[in-house]
Amino acid sequence: MRRPALTLAAFVLVLAGCGGDDQPRRTVTVPAAGGLRVVAKEYSFDPAGIVVRGPGVLRLTLSNEGSLAHNLKLMRDGRVVGGTPSFPAGESRSARLRLERGEYEFVCTVGDHEELGMKGELRVD
Ligand SMILES: [Cu+2]
């Protein structure tokens, strides 16, 4: 009779460990020239890792599900190469990202959001 309770307790612990809003670090793989939705909130992007299966134009939609304004700027070699403007919570914006093979990073440039965790990596295979 005790085993179900123990199993449930373990399950709840796992949920508690994963359920926090702090830094979900999820990576997704998307087709080349497809679409992708990214959620922004304080202070993370989800997914924070993106692998694109080839160069092309990726349509990225950023949903701001936080309570502050956010943006997403795609960076390569320290330069902004695309992304969205800053926009308020509860809204979303799309950006067409022209991608070449290689490594990019993306950040939110509002205030110190990048330092607080709003950053991610995008790789084009
Ligand atoms: Cu932000």
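No lab work stands behind these numbers, since they all come straight from the coordinates. Small disclaimer: the values here were computed from a predicted structure and weren't measured. Here Cβ is always computed from backbone atoms with ideal geometry, including for glycine, and neighbour counts include all displayed protein chains.
Of note:
- Near residue 84: Cβ cut-off under 12 Å, other residues only, Lys/Arg at +1 and Asp/Glu at -1. The net charge is +3.
- Two-site FRET efficiency, residue 33 against residue 76, from Cβ-Cβ distance with R₀ of 25 Å, rounded to 0.05: 0.85
- Of the trypsin sites (Lys or Arg not before Pro) found in the stretch 21-125, those in coil by DSSP whose Cβ has at most 15 other Cβ atoms within 10 Å are 25, 26, 101.
- Each Lys or Arg adds one and each Asp or Glu subtracts one; over the other residues with Cβ under 11 Å from the Cβ of residue 97, this totals +4.
- The stretch 25-125: radius of gyration over Cα atoms, expressed as a fraction of 2.2 N^0.38 Å: 0.96
- Under Karplus coefficients 6.51, -1.76 and 1.60, residue-wise ³J(HN,Hα) of the stretch 45-59 in Hz, glycine/proline x: 10, 9, x, 9, x, 10, 10, 10, 7, x, x, x, 9, 9, 8
- Cut-off under 5 Å, modelled amide H: who pairs with residue 39 long-range: 46, 63
- Where labels lie 7 Å past Cα in the beta-carbon direction, separation of residue 86 and residue 25 in nm: 2.8 nm
- Within the stretch 105-125, backbone nitrogen closer than 14 Å to the virtual label 7 Å beyond the Cα of residue 68 toward Cβ: 108-119
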